[in-house]
Amino acid sequence: MDTEIFNLRTFISAIKVYGPWRVGLELLFIGFFVYMIIRFLRGTRGARLLKGVGFVLIIFYLLMQLVAKDFQLDRIQFLYGKFLLFASFAVVVVFQPEIRRALMKLGETSLFKRLSREGNDDIRAIVETAHFCGRRKIGAVIAIARDTGLGGIAESGTRLDAEVSAALLNTIFWPNSPLHDLGVIVSGGRITHAGVQFPLAESGDLEQQLGSRHRAAVGMSQESDAVVVVVSEESGDISVADRGALTRKLTPDGLRQLLEGTLGREPDVRKPDRDESSVAQTRGAAAPAKL
């Protein structure tokens, strides 16, 4: 009890020396920093890891304050210091995906990002394919790469290096085609790989009724900065996964607007003679060409 009273008096004395406004500002800054970390990790695997690490550190801190100092357990205190040093390195390893994602997000702020001048032909083709597959309840997963390359993940697939077109995407995802059951990677306006196994998100990150395609889409968006379009084979719903968050039940027009905004593209001002729905329906009348 005397130790706790002494620590409290020391804390009050420190406030008087440094000034209440200065201490309050520092505490406010630290609280805001911790809040931003928790908000960034919310809904990710890192959030559960953070709770576990925080619980262990609190237990060790209480053990040190209530037991080790009173009984002069010098070896325990020595090991506690080594444990904190080890924990600092372990945090970097354990939270490596979250740290990478934070740095990628920082690099995409308005200070570093400029509006892309690329055409929207790839977006139009992807929207048309999503509508085509959604109407027929054909499963599809398309990852659109941004700044981070996906070469390591794409190694599991088949290299294509073909221009993005709705006809080719429809052919790839057509049932019983050799590459229909896995993901497609689009980068730089080209279909670089098909039949790619995307990393799966943990089952706790999604609703139970969502299947492996949605887990693959969310997992891909967690492991990279790619934007992933997924079409449900059961319901035909169109969804987009970005940074671990899943936006569901999109219309073709809503999908186009979301992709343009997320990828930093200029809005498509082209006015086609027929809307995307009629185009997809017309093309869907015939079976896709063979690979």
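Peptides 214-222, 232-240 ranked from most to least packed by the mean count of surrounding Cβ atoms within 10 Å: 214-222, 232-240. Annotation: amide H-H contacts under 5 Å for ALA226 (H modelled 1.01 Å from N, sequence separation of 5 or more, or interchain): ARG146.
A simple spin-label model places pseudo-atoms 7 Å from Cα toward Cβ; at ILE58 and SER88 they are separated by 2.4 nm. Counted over all Cα-Cα pairs of the range 174-238, pairs farther apart than 18 Å make up 37 percent.
Descending by average beta-carbon neighbour count within 10 Å, the peptides 120-126, 258-264 line up as 120-126, 258-264, the highest first. The rule of thumb for compact globular proteins, 2.2 N^0.38 Å, goes into the C-alpha radius of gyration of the range 221-272 1.21 times. Rounded to the nearest Hz, the phi-derived 3J(HN,Hα) couplings of the range 160-167 under the Karplus curve 6.51 cos²θ - 1.76 cosθ + 1.60 (θ = phi - 60°) are 10, 6, 10, 5, 5, 8, 5, 4, where x marks glycine and proline.
Rule-based calculations on the coordinates, nothing more; no lab input. Bear in mind the structure is a predicted one, so any value in this text is a computation, not a measurement. Cβ atoms come from the backbone with ideal geometry, glycine included; neighbour counts cover every protein chain shown.
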